[in-house]
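Here the structure comes first, spelled out in structure tokens, and everything after it is commentary.
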Amino acid sequence: MTKKRVLLSPLDPVHDIGLKMIKNALDEAGHDTYLLPPDVTPGEIVEEALEKEAEVILLSRTLGYGVAELLGRFVDLVEGAGIRHRVKIGIGGMAIKPAIAAELGFDQGFGPKTPVEEAVAFVEGKTYTPPREGSAKRKGDLVRERTYEYHHQEIKSLLEEISEKTLQWYEKIQSPGIKRAELREKGLAGEKEYLEISDDSIKDFFSDGILPSGLRLIDGEEQKALESIISAGRVDNPRILQRQPHQPLVFIQYGTGCPFMDIAHVKGTEGWGADGVVHFDPSWGAKTEGLLSGLLSHEENGSVITDENLKLIKKALESSTLWQVRAHRGLNTPETVLLAGEAGAELTKINPVYGSLGGGTDPERLLADSIKAMEYAARYKMPFDMPTNEELCGVPAYKAFAGMLIVTQLGLALGAQPVLQPLFCYSPEMMLGGQMEDNYIDYNAAKVMALRGIIDAPIWAGAPIGFLTHTEERVQSSVSTSFHAGMAASLEIEGISIASADEAYSGGPITLPARIDTLQGTGEAFRFLGSARMQPTPKAEEWAEELTENILKVLKEVVKNGSFLDSLYQGILGSQKEGAYPGRNGRGTVLKRK
Amino acid sequence: MEAKARVVDALDIETFLICENEEEGRRVSAGLMESMGLSDFDLVYIHHEGIGARVRIRAYINRPGDRYTWLEGGEIND
């Protein structure tokens, strides 16, 4: 490397920190640097350049007022001094637009946030190559650090007893959902036997090509255009939101209805730092026996689950992106997990408690189907999370957690990797009980503390964090998500699902910019906190103990009842009075296995 | 192709409108969007305080399920 004499000067009344950082880097690289004080005139800078025989002049300008005139005058003075041919001049700072700098005769203009390395490369006459952050971004792992060891032995033994009995019951039953999944495994989806246990809308599609209303098949031309956009638009440099290893993976939820629009949203959010994406299917899909086929677009919320839709979305994902396909609440639960596993999803979502008490599916049917789904999740090594959204219906957290822990033990018994999903939310229980009148931290922290005190399992808060705290105002909504993300980081949980800034808006589809807003906010929260933590008050610990005691009481009641399934109908895990209603979809369809 | 064809889904317009109350703010918002030729719009947020209303008005250019204009390709008209 040839040593250079570099003159650095701010064209402002105050020093620019950027210039000092560049000076340090140049010194470290062995160059001779001369940093002038602020408020020096262009004429004085040129005089210094002559005296020091500078080979490079680096200027900075932060103030925007009169910048073009000032810079133009500086270049004229350098030319007038007869040194322009031997001095390279660069200019940077908040007020600088690279294009204008070039127009005014500078060798290079550096815009805001230019890396120091780029300025050093300019001095040394090298071409600057930005680091490929994308190649540094690795796929996250939610479960790696957890042992699944119970810390609470009494709860452990109750859960084992409940789980064992439930699996004995499962051995003897069969359902259309289980049967269809088994047929799909044999390559018989859409065939006669499959259609015999499917709804009419599915039969009509496979027999006569009639699509349910609101759906259309995507044509080949559209697909070709999308594939060319995907191949041209790989995300080379995705942001990494986390600043510290303990900060959680960040998931966004997509489900615009159309796989093409979903892909646009996924690609946009990958670039802005999403670590994972969650596939939302339409609510009618959960109530329909059987799955459709083909590349299908849907006019309303929720993207249809078909083999083709899932595989197309998978093809568009970056290698560092985790992908979850939800299967937790409907009549196609086992088949969905099977399809997700085949399509290459890393994660799925199964929870018969929420799905039957808050999701509309009959408890018996969903419990049977969910166990089959957990077998598939184990086979495809897909960890599954268990959303406790029955809290949003009014079920107290401790009951929702008791249900989630039973499903956890069932999953463990089947060799799967369950992920706890407490809600970070302003639930009806909180609204009525007033636990969040002072702050949103303590009760959410108590939930995590209680779960951590029971079992060493991964926690992925959802879904989305800050549920019922958002308004239609974009800044409020993004800030609320950001604070909840900061709290999640402070509690050192493994993952979070975040809402978009459109969370509380119900007048139309969620937009991509609204998703980017909250990713930005989450990144800022992680940056703000770094290794520091939000501190709950002592109340959190008190509530964590209360939650644990109440979970224990509920589990004892389930054991006393003798049947997990009957406990769901009897309201032990959430009663009608509290807002939980055992669903009716698929009721009476579970049969004894022949 | 028109530049708005490259809008992935919607165009949000955020501003502060001088108006007497929320009702007038809604009328002004509608007039603003129509004057820009954006007929498929919705008022995502409005809050009146003092001399006017903070608004966020959204015009959908591509709704899920449409044939997306950004898939068509082509250069943007000057």
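Taking the stretch A:475-514, which residues are within 10 Å of another protein chain (Cβ to nearest Cβ) and in contact with a helix residue (DSSP H, G or I) (Cβ under 6 Å, 6 or more places away or on another chain)?
Answer for the stretch A:475-514, where residues must be within 10 Å of another protein chain (Cβ to nearest Cβ) and in contact with a helix residue (DSSP H, G or I) (Cβ under 6 Å, 6 or more places away or on another chain): A:Ala501, A:Asp502, A:Leu512.
Do we have any residue at all in the stretch B:27-42 that's hydrophobic (A, V, I, L, M, F, W, C), more than 9 Å from chain A (Cβ to nearest Cβ), assigned to a strand (DSSP E or B) and under 18 Å from A:Val475 (Cβ atoms)? Give the steps one after another, and end with the answer.
Of all residues in the stretch B:27-42, those hydrophobic (A, V, I, L, M, F, W, C) come to B:28, B:30, B:32-33, B:36, B:38, B:41.
From the residues that got through so far, the ones that are more than 9 Å from chain A (Cβ to nearest Cβ) too are B:28, B:30, B:32-33, B:36, B:38, B:41.
Next, only the ones that are assigned to a strand (DSSP E or B) stay: B:41.
Okay, now just the ones that are also under 18 Å from A:Val475 (Cβ atoms), so none.
The answer is no; no qualifying residue exists.
What pairs can you find where one residue is in the stretch A:239-251 and of a type in the set (D, E, K, R), the other is assigned to a loop (DSSP other than H, G, I, E, B), and their Cβ atoms are less than 6 Å apart, with a gap of 6+ or different chains?
The qualifying pairs are A:Arg239/A:Trp272; A:Arg239/A:Gly273; A:Arg243/A:Gly530.
Here is a yes/no grid of residues against (1) under 25 Å from A:Phe467 (Cα atoms); (2) assigned to a loop (DSSP other than H, G, I, E, B); (3) not aromatic (Phe, Trp, Tyr):
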site	(1), (2), (3)
A:Val325	yes, no, yes
A:Arg365	no, no, yes
A:Met374	no, no, yes
A:Val407	yes, no, yes
A:Phe424	yes, no, no
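Report every pair of residues separated by at least 6 positions or lying on different chains whose Cβ atoms are under 8 Å apart, first residue within the stretch A:310-329 and of a type in the set (D, E, K, R), second assigned to a strand (DSSP E or B).
So the pair list comes out as A:Lys314/A:Trp323; A:Arg326/A:Val278; A:Arg326/A:His279; A:Arg326/A:Thr348; A:Arg326/A:Lys349; A:Arg329/A:Thr361.
If I go through the stretch A:30-58 residue by residue, how many of them are farther than 16 Å from A:Gly125 by Cα, of a type in the set (A, V, I, L, M, F, W, C) and either within 49 Å of the chain's Cα centre (by Cα) or in a helix (DSSP H, G or I) (or both)?
Matching residues across the stretch A:30-58 total 6.
Among the helices (runs of 4 or more DSSP H) lying completely within the stretch A:97-173, list those that include at least 2 residues that are of a type in the set (A, V, I, L, M).
Details: elements: A:98-103, A:116-124, A:133-136, A:153-170.
Of the helices (runs of 4 or more DSSP H) lying wholly inside the stretch A:97-173, those with at least 2 residues that are of a type in the set (A, V, I, L, M) span A:98-103, A:116-124, A:153-170.
Looking only at the stretch A:176-187, decide whether some residue is in the same structural domain as A:Thr333 (by TED's automatic domain parsing), in a loop (DSSP other than H, G, I, E, B), buried (at least 18 other Cβ atoms within 10 Å of the Cβ) and touching a residue at least 40 places away in the same chain (Cβ under 8 Å). Let's see the steps before the verdict.
Of all residues in the stretch A:176-187, those in the same structural domain as A:Thr333 (by TED's automatic domain parsing) come to A:176-187.
Now drop any that are not in a loop (DSSP other than H, G, I, E, B), which leaves A:186-187.
Next, from what is left, pick out any that are buried (at least 18 other Cβ atoms within 10 Å of the Cβ): none.
No, the stretch A:176-187 contains no residue that is in the same structural domain as A:Thr333 (by TED's automatic domain parsing), in a loop (DSSP other than H, G, I, E, B), buried (at least 18 other Cβ atoms within 10 Å of the Cβ) and touching a residue at least 40 places away in the same chain (Cβ under 8 Å).
Can you report the number of residues in the stretch A:62-88 which are touching a residue at least 24 places away in the same chain (Cβ under 8 Å), within 49 Å of the chain's Cα centre (by Cα) and part of a loop (DSSP other than H, G, I, E, B)?
So the answer is 3.
Can you work out which of the residues in the stretch B:43-78 that are more than 10 Å from chain A (Cβ to nearest Cβ) and without any contact (Cβ under 8 Å) to a residue 12 or more places away in the chain is farthest from the chain's Cα centre (by Cα)?
B:Gly50
Look through the stretch A:273-300, keep the residues that are hydrophobic (A, V, I, L, M, F, W, C) and more than 13 Å from chain B (Cβ to nearest Cβ), and return whichever of them is nearest to A:Lys349 (Cα to Cα). Break it down into steps so the answer makes sense when it comes.
Here is the first cut: in the stretch A:273-300, the ones hydrophobic (A, V, I, L, M, F, W, C) are A:274, A:277-278, A:280, A:284, A:286, A:291-292, A:295-296.
Filter again for more than 13 Å from chain B (Cβ to nearest Cβ), leaving A:274, A:277-278, A:284, A:286, A:291-292.
Working: A:Ala274: 18, A:Val277: 12, A:Val278: 9, A:Trp284: 18, A:Ala286: 13, A:Leu291: 18, A:Leu292: 20 Å.
Selected residue: A:Val278.
So which of A:Glu222, A:Glu164, A:Glu171 is surrounded by fewer than 16 Cβ atoms within 10 Å (Cβ to Cβ) and either free of Cβ contacts under 8 Å to residues at least 40 places away in the same chain or farther than 30 Å from A:Asp307 by Cβ (or both)?
On the way: A:Glu222 fails: surrounded by fewer than 16 Cβ atoms within 10 Å (Cβ to Cβ); A:Glu171 fails: either free of Cβ contacts under 8 Å to residues at least 40 places away in the same chain or farther than 30 Å from A:Asp307 by Cβ (or both).
Unique residue meeting the criteria: A:Glu164.
Give A:Gly214, A:Gly140 a once-over and let me know the one that is on the phi > 0 side of the Ramachandran plot and under 29 Å from the mean Cα position of the chain (by Cα). Quick ask: steps written out before the conclusion?
Numbers: A:Gly140 fails: on the phi > 0 side of the Ramachandran plot.
Testing whether each residue is on the phi > 0 side of the Ramachandran plot and under 29 Å from the mean Cα position of the chain (by Cα) leaves just A:Gly214.
Output yes when any residue across the stretch A:338-349 is closer than 24 Å to A:Gly508 by Cα, away from every other protein chain (no Cβ under 14 Å) and touching a residue at least 40 places away in the same chain (Cβ under 8 Å), and no when none is.
Taking the stretch A:338-349 first, the residues closer than 24 Å to A:Gly508 by Cα are none.
For the stretch A:338-349, residues closer than 24 Å to A:Gly508 by Cα, away from every other protein chain (no Cβ under 14 Å) and touching a residue at least 40 places away in the same chain (Cβ under 8 Å): absent.
What strands (runs of 3 or more DSSP E) lie completely within the stretch A:189-297 and have 3 or more residues being within 30 Å of A:Ala525 (Cβ to Cβ)? Give the steps one after another, and end with the answer.
Numbers: elements: A:215-217, A:249-254, A:276-279.
In the stretch A:189-297, A:249-254, A:276-279 are the strands (runs of 3 or more DSSP E) which contain 3 or more residues that are within 30 Å of A:Ala525 (Cβ to Cβ).
Condition test on A:Pro238, is it in contact with a helix residue (DSSP H, G or I) (Cβ under 9 Å, 6 or more places away or on another chain), away from chain B (no Cβ under 14 Å) and within 30 Å of A:Ile493 (Cβ to Cβ)? Break it down stepwise before answering.
Working: in contact with a helix residue (DSSP H, G or I) (Cβ under 9 Å, 6 or more places away or on another chain): yes; away from chain B (no Cβ under 14 Å): yes; within 30 Å of A:Ile493 (Cβ to Cβ): yes.
Yes.
Out of A:Glu342, A:Glu346, A:Glu364, which single residue is surrounded by fewer than 24 Cβ atoms within 10 Å (Cβ to Cβ), among the acidic types (Asp, Glu) and more than 30 Å from A:Glu318 (Cβ to Cβ)? Before you say what the answer is, go through the steps one by one.
Working: A:Glu342 fails: more than 30 Å from A:Glu318 (Cβ to Cβ); A:Glu346 fails: more than 30 Å from A:Glu318 (Cβ to Cβ).
Going through A:Glu342, A:Glu346, A:Glu364 in turn, just one is surrounded by fewer than 24 Cβ atoms within 10 Å (Cβ to Cβ), among the acidic types (Asp, Glu) and more than 30 Å from A:Glu318 (Cβ to Cβ): A:Glu364.
Give the stretch A:196-230 a look and list any residue that's within 14 Å of chain B (Cβ to nearest Cβ) and not aliphatic (A, V, I, L, M), or say none.
Passing the criteria: A:Pro212, A:Ser213, A:Gly214, A:Arg216, A:Asp219, A:Gly220, A:Glu221, A:Glu222, A:Gln223, A:Lys224, A:Glu227, A:Ser228.
Can you tell me which residues in the stretch A:376-401 are assigned to a loop (DSSP other than H, G, I, E, B) and in contact (Cβ under 8 Å) with a residue 60 or more places away in the chain?
To start, the set of residues in the stretch A:376-401 that are assigned to a loop (DSSP other than H, G, I, E, B) comprises A:380-383, A:388-389, A:394-396.
Of everything in the stretch A:376-401, those that are assigned to a loop (DSSP other than H, G, I, E, B) and in contact (Cβ under 8 Å) with a residue 60 or more places away in the chain turn out to be A:Pro383, A:Asn389, A:Gly394, A:Val395, A:Pro396.
Quick one: what pairs do we get from the stretch A:565-594, first residue within 19 Å of A:Glu164 (Cα to Cα), second β-branched (Val, Ile, Thr) and assigned to a loop (DSSP other than H, G, I, E, B), C-beta under 8 Å, 6+ apart or different chains?
Within 8 Å, the pairs are A:Leu573/A:Val395.
Any idea how many residues of the stretch A:91-110 are modelled with pLDDT of 80 or more, small (Gly, Ala, Ser) and either within 39 Å of the chain's Cα centre (by Cα) or surrounded by fewer than 15 Cβ atoms within 10 Å (Cβ to Cβ) (or both)?
Summing the residues that are modelled with pLDDT of 80 or more, small (Gly, Ala, Ser) and either within 39 Å of the chain's Cα centre (by Cα) or surrounded by fewer than 15 Cβ atoms within 10 Å (Cβ to Cβ) (or both) in the stretch A:91-110 gives 4.
Could you list, in sequence order, all residues of the stretch A:264-300 that are within 23 Å of A:Glu335 (Cα to Cα) and among the aliphatic types (A, V, I, L, M)? So that I can check it myself, show each step before the final result.
Of all residues in the stretch A:264-300, those within 23 Å of A:Glu335 (Cα to Cα) come to A:276-298, A:300.
Those that are within 23 Å of A:Glu335 (Cα to Cα) and among the aliphatic types (A, V, I, L, M): A:Val277, A:Val278, A:Ala286, A:Leu291, A:Leu292, A:Leu295, A:Leu296.
The values are calculated or read from the model by the stated rules, or taken from the named source; none is laboratory data. Bear in mind that the values here come from a model prediction, so they are computed numbers and not experimental data. All Cβ positions, even for glycine, are placed from backbone atoms using ideal geometry, and neighbour counts span all protein chains on display.
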